[in-house]
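This report concerns only the one structure given below.
The values are calculated or read from the model by the stated rules, or taken from the named source; none is laboratory data. Please read all numbers here as calculations on a predicted model, not as lab measurements. Cβ sites come from the backbone with ideal geometry, for glycine too, and all protein chains shown count toward neighbours.
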Amino acid sequence: MRALISFFILVACLSVGITAYFGLGVNLMDAILVTGLFALTCFVIIEAMFRRRTEKYLAQRVSEIAQQLGVVARTNEIMSDQVNYLSNINVNNRLEDVEADISVLGTVIRELAEAVAEVEEAQATQAMAPPPPPAPAPQSAPNVSSINTQKRHAENVDEEEVDVPISILQDALAEGRVRQYLQPIVTLPHRRTLGYDLVPKVSQPGSKLLSAHEFLPNSDRTGTISELEQMLVRQAANIIHRSNIAGEPTSLFVPISYSLLNDVDACERLVDLVRSNRAVTASLFLTMEEEKYSRLSDNQRAALSMFVKIGVGICLDKVRSLRLNFQDLYARGIKYVKADTQRFIEDPQSYSDLHNADVADFVKRYDVGLIMDNVVQEEQILMLLDDKIPFAQGEHIAPPSPVRPDLLGEQQKVQSTAY
């Protein structure tokens, strides 16, 4: 295109020169000069036009490249977000959940097949069996009901627990004879310490120690049990604080009851005490029997929720069944549940409809720890390992032992309000 334009410019310049030489009568040198000036002027004008066109084209290309770079930048940002999202996904947890669901589903299908087979076998046996003989007419037995009633009454009298007088605990608190013992809770299979149960005992003359069921009454209207539990929580916070300073952090499980939760002022004081040291809240757990926890009143639940709000965990002891709503329990601050080892091994159906090997995975899905209590022999530990139970506790693993004096600090005497 540019060559064609240059050709026409040359033709036009020659035409101008010939016209000036022959038509205007100028001499040859002037005609050549006019031709050169005209050609130069035309070339300058054409070059300016081409330069302007080239600059406009380059500006458009630069604008398009800038737009493309913006699109590439947005694409890179989207890809970066996708990569970050994928990197934050914990595939192992999802795989564990899927494996647990598949295992539970397989167990349910297997149990259903076994139940159907048993029903079919029973129906076949009944179909092949001869008809039963007619039952004899019932005979009157006027004294059987009264005899059974008397037997049941006698059994209830024998099994009735004798209540412990509250004065034993009051004297022990006033004289400073309450001793603190620790019983470890270990992980399986490595048997590393998860934490300790804080076990109160009362020392008697002659180096005799009374366990909790020997000095704690079934009911208390004097507030003595509340004073004991307040002392236990304070000493637990002290032990956790001292162990953290010594470089040996540990967790403590402190038993509580209705008596402490009924005393709202005492709960508020304990919450303020524990809140003052954040390192204590994560290592402190309040233990309560599952049956008592299920019967808490609204006021008692509100008192317990004060501890949960500051980070204190709850442990349910002596659970009657593992058919619990663990998602709801975790939302209420339940971190651990304790079940009886012997009953779990010998009568698993009383705890759960799942197979024993699937129970721990089912509970773990809701971030709740399952602790098997009252382990008394090594064979039970082997069975718990086969069932993938994560935590265990019992006399066979380690009996309660006294708290080290450097962790406990100075013993304090408590004057009961009943005096």
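All conditions in (1) under 27 Å from the mean Cα position of the chain (by Cα); (2) surrounded by fewer than 20 Cβ atoms within 10 Å (Cβ to Cβ); (3) touching a residue at least 40 places away in the same chain (Cβ under 8 Å) hold for Gly223, with the sole exception of (1).
Just checking, which of Lys309, Lys318, Lys338 is under 16 Å from the mean Cα position of the chain (by Cα) and of a type outside the set (A, V, I, L, M)?
Every option except Lys309 fails the conditions.
Taking the numbered list (1) within 19 Å of Phe285 (Cβ to Cβ); (2) surrounded by fewer than 18 Cβ atoms within 10 Å (Cβ to Cβ); (3) more than 26 Å from the chain's Cα centre (by Cα) in turn, Val264 passes all entries but (1).
Mind checking which residues of region 317-340 are over 16 Å from Ser251 (Cβ atoms), outside any helix (DSSP H, G or I) and hydrophobic (A, V, I, L, M, F, W, C)? Steps first, please.
We begin by selecting, within region 317-340, every residue over 16 Å from Ser251 (Cβ atoms); these are 318-332, 339-340.
Filter once more, so that each one left must be outside any helix (DSSP H, G or I): 318-325, 332, 339-340.
Matches in region 317-340: Val319, Leu322, Leu324, Ala339.
From the set of residues in region 371-380 that are aliphatic (A, V, I, L, M) and within 25 Å of the chain's Cα centre (by Cα), which is nearest to Tyr336 (Cα to Cα)? Residue satisfying both the conditions and the ranking: Ile371.
Across region 288-341, which residue is nearest to Asp387 (Cα to Cα) among those that are of a type in the set (Ser, Thr, Tyr) and touching a residue at least 40 places away in the same chain (Cβ under 8 Å)?
So in region 288-341, the residues of a type in the set (Ser, Thr, Tyr) come out as 293-294, 297, 305, 321, 330, 336, 341.
Right, trim to touching a residue at least 40 places away in the same chain (Cβ under 8 Å) and you get 336, 341.
On the way: Tyr336: 18, Thr341: 12 Å.
Restricting to residues being of a type in the set (Ser, Thr, Tyr) and touching a residue at least 40 places away in the same chain (Cβ under 8 Å), the top hit is Thr341.
Would you please name the residue that is modelled with the lowest pLDDT, looking only at residues in region 1-60 that are not β-branched (Val, Ile, Thr) and not in a helix (DSSP H, G or I)?
Within region 1-60, the first condition is being not β-branched (Val, Ile, Thr), and the residues that meet it are 1-4, 6-8, 10, 12-15, 17, 20-25, 27-31, 33, 36-40, 42-43, 47-53, 55-60.
Remaining after also requiring not in a helix (DSSP H, G or I): 1, 24-25, 27.
Working: Met1: 66, Leu24: 73, Gly25: 72, Asn27: 78.
Of everything passing the filter in region 1-60, Met1 is modelled with the lowest pLDDT.
Within region 67-82, not a single residue is at pLDDT 85 or above, within 30 Å of Ala398 (Cα to Cα) and hydroxyl-bearing (Ser, Thr, Tyr). Number of residues in region 261-286 that are in a helix (DSSP H, G or I), within 15 Å of Val308 (Cα to Cα) and not basic (Lys, Arg) equals 12.
Considered as a group, the residues in region 268-324 that are more than 30 Å from Val359 (Cβ to Cβ) and of a type in the set (Asp, Glu) include one that is surrounded by the fewest Cβ atoms within 10 Å (Cβ to Cβ), and that residue is Asp298. Given (1) within 26 Å of Pro405 (Cβ to Cβ); (2) assigned to a helix (DSSP H, G or I), where does Met306 come up short, assuming only one miss? Of everything listed in (1) within 26 Å of Pro405 (Cβ to Cβ); (2) assigned to a helix (DSSP H, G or I), Met306 misses just condition (1).
Report, by residue number, each residue of region 365-386 that is charged (D, E, K, R) and touching a residue at least 40 places away in the same chain (Cβ under 8 Å).
Let us first name the residues in region 365-386 that are charged (D, E, K, R), namely 365, 367, 373, 378-379, 386.
Answer for region 365-386, where residues must be charged (D, E, K, R) and touching a residue at least 40 places away in the same chain (Cβ under 8 Å): Arg365, Asp373.
Yes or no, residue by residue, for (1) in a helix (DSSP H, G or I); (2) in the same structural domain as Lys318 (by TED's automatic domain parsing); (3) touching a Ser or Thr at 6+ places or on another chain (Cβ under 9 Å):
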| site | (1), (2), (3) |
| --- | --- |
| Arg179 | no, yes, yes |
| Gln183 | no, yes, yes |
| Pro189 | no, yes, no |
| His213 | yes, yes, no |
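Go through the residues of region 143-163 one by one and say whether even a single one is at pLDDT 50 or above and within 30 Å of Glu229 (Cα to Cα). Yes, region 143-163 has at least one match. Every condition in (1) over 30 Å from Asp353 (Cα atoms); (2) at pLDDT below 75 is met by Asn93 except one, and the failing one is (1). I'd like to check something: does region 109-127 contain any residue that is in contact with an Asp or Glu (Cβ under 8 Å, 6 or more places away or on another chain), surrounded by 10 or more Cβ atoms within 10 Å (Cβ to Cβ), at pLDDT 70 or above and part of a helix (DSSP H, G or I)? Looking for residues that are in contact with an Asp or Glu (Cβ under 8 Å, 6 or more places away or on another chain), surrounded by 10 or more Cβ atoms within 10 Å (Cβ to Cβ), at pLDDT 70 or above and part of a helix (DSSP H, G or I), one finds at least one in region 109-127, hence yes. Restricting attention to region 31-55, the residues being charged (D, E, K, R) and surrounded by 14 or more Cβ atoms within 10 Å (Cβ to Cβ) number 0. Scanning region 166-220 for residues that are among the acidic types (Asp, Glu) and in contact (Cβ under 8 Å) with a residue 12 or more places away in the chain gives Glu175, Asp197, Glu214, Asp220.
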